[in-house]
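Visitor: Handing you this structure, nothing more for now.
The values are calculated or read from the model by the stated rules, or taken from the named source; none is laboratory data. Being a predicted model, the structure only gives us computed values, none of them experimental. Note that each Cβ is placed from the backbone with ideal geometry, even for glycine, and that neighbours are counted across all protein chains shown.
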Amino acid sequence: MDISLFAVNIFLIIILFAGVSLTMVGLPGNLLVLLAALGYGYWEGFVHLNTKLLWILFGVFLIGETVEFIAGALGAKSKKASGWTITAALCGAVAGSIVGTSFLPLVGSFLGAMLGAFAASYAVEYFLTRDAAKAISVARSVMCGQIIGMVVKFSLGIGMSVAIIAKLPWLG
């Protein structure tokens, strides 16, 4: 077994794990997964991680980004939330996931994102409408949309990583 091939494969797996982890905190981790696959493919001459696989990964990446955006926006729009509320929810989700991670890695990211999206969308919607009942309704809907989008994107990131790892050559 070629030790350098083994080391590069392990390094790639670490990067893939980091990418999936970043996705959990609302950062572009699936993009890191895609770029790592592209870099590895270039390094090994696109033999195992070939262009067909890379195009498929790119398509999955785009689906994940689209679903995340649409799910959060649909959750907010279903309750007629403003654009400011939607923006606040996205920012709140990112900030909450970062704060949550500092208290409880991984699980804290998810819980922080939910609470951050809820709190930010509630605050902005209440500020705009002065209607607490509507603000809570909007915040719940935004949070549900954010959760659905995040779970789908995270799942796709895991799938991308598994597809990449399955194609790695372990014997030189």
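Visitor: Suppose we filter segment 22-39 for residues that are modelled with pLDDT of 90 or more and over 17 Å from residue 60 (Cα atoms); how many remain?
Guide: The total comes to 1.
Visitor: Among the candidates 110, 118, which residue alone is at pLDDT 90 or above and under 19 Å from the mean Cα position of the chain (by Cα)?
Guide: The conditions single out 118.
Visitor: If I ask for residues that are assigned to a loop (DSSP other than H, G, I, E, B) and farther than 10 Å from residue 25 by Cα, which ones from segment 95-122 would you list?
Guide: Once the filter is applied, which keeps residues that are assigned to a loop (DSSP other than H, G, I, E, B) and farther than 10 Å from residue 25 by Cα, segment 95-122 yields only 104.
Visitor: Right, another one. Of everything in segment 36-94 that's closer than 25 Å to residue 11 by Cα and not in a helix (DSSP H, G or I), which residue is nearest to the chain's Cα centre (by Cα)?
Guide: 49
Visitor: Out of the residues in segment 81-95 that are within 15 Å of residue 136 (Cα to Cα) and in contact (Cβ under 8 Å) with a residue 40 or more places away in the chain, which is surrounded by the fewest Cβ atoms within 10 Å (Cβ to Cβ)?
Guide: 82
Visitor: Between 98, 56, 3, which is modelled with pLDDT under 90, surrounded by fewer than 19 Cβ atoms within 10 Å (Cβ to Cβ) and over 30 Å from residue 135 (Cα atoms)? Before you say what the answer is, go through the steps one by one.
Guide: Numbers: 98 fails: over 30 Å from residue 135 (Cα atoms); 56 fails: modelled with pLDDT under 90.
That would be 3, the only listed residue that is modelled with pLDDT under 90, surrounded by fewer than 19 Cβ atoms within 10 Å (Cβ to Cβ) and over 30 Å from residue 135 (Cα atoms).
Visitor: Could I ask something else about it? Would it be correct to say that residue 101 is more than 13 Å from the chain's Cα centre (by Cα) and within 14 Å of residue 125 (Cβ to Cβ)?
Guide: In short, no.
Visitor: Right, something else. Kindly evaluate residue 159 against the criterion of being surrounded by fewer than 17 Cβ atoms within 10 Å (Cβ to Cβ), touching a residue at least 40 places away in the same chain (Cβ under 8 Å), part of a helix (DSSP H, G or I) and out of contact with any Asp or Glu (no Cβ under 6 Å at 6 or more places or on another chain).
Guide: yes
Visitor: Let me ask something else. Go through segment 119-140 residue by residue and tally those that are buried (at least 23 other Cβ atoms within 10 Å of the Cβ) and either over 16 Å from residue 83 (Cα atoms) or not β-branched (Val, Ile, Thr) (or both). Break it down into steps so the answer makes sense when it comes.
Guide: Our first condition is that a residue be buried (at least 23 other Cβ atoms within 10 Å of the Cβ); within segment 119-140, this holds for 120-122, 124-125, 138-139.
If we keep only those that are either over 16 Å from residue 83 (Cα atoms) or not β-branched (Val, Ile, Thr) (or both) too, we end up with 120-122, 125, 139.
Qualifying residue count for the region: 5.
Visitor: Give all pairs with beta carbons closer than 7 Å in which a residue from segment 1-17 that is closer than 11 Å to residue 36 by Cβ and β-branched (Val, Ile, Thr) meets a residue that is at pLDDT 95 or above and in a helix (DSSP H, G or I); count only pairs at least 6 apart in sequence or on separate chains.
Guide: Note: pairs meeting the criteria are 13/165; 15/32; 15/36.
Visitor: Looking at (1) in contact (Cβ under 8 Å) with a residue 12 or more places away in the chain; (2) under 20 Å from residue 22 (Cβ atoms); (3) not small (Gly, Ala, Ser), which is the one condition that is false for residue 62?
Guide: That leaves (1) as the condition not met.
Visitor: Inside segment 72-85, can you point out the residues that are hydrophobic (A, V, I, L, M, F, W, C) and at pLDDT 85 or above?
Guide: 84
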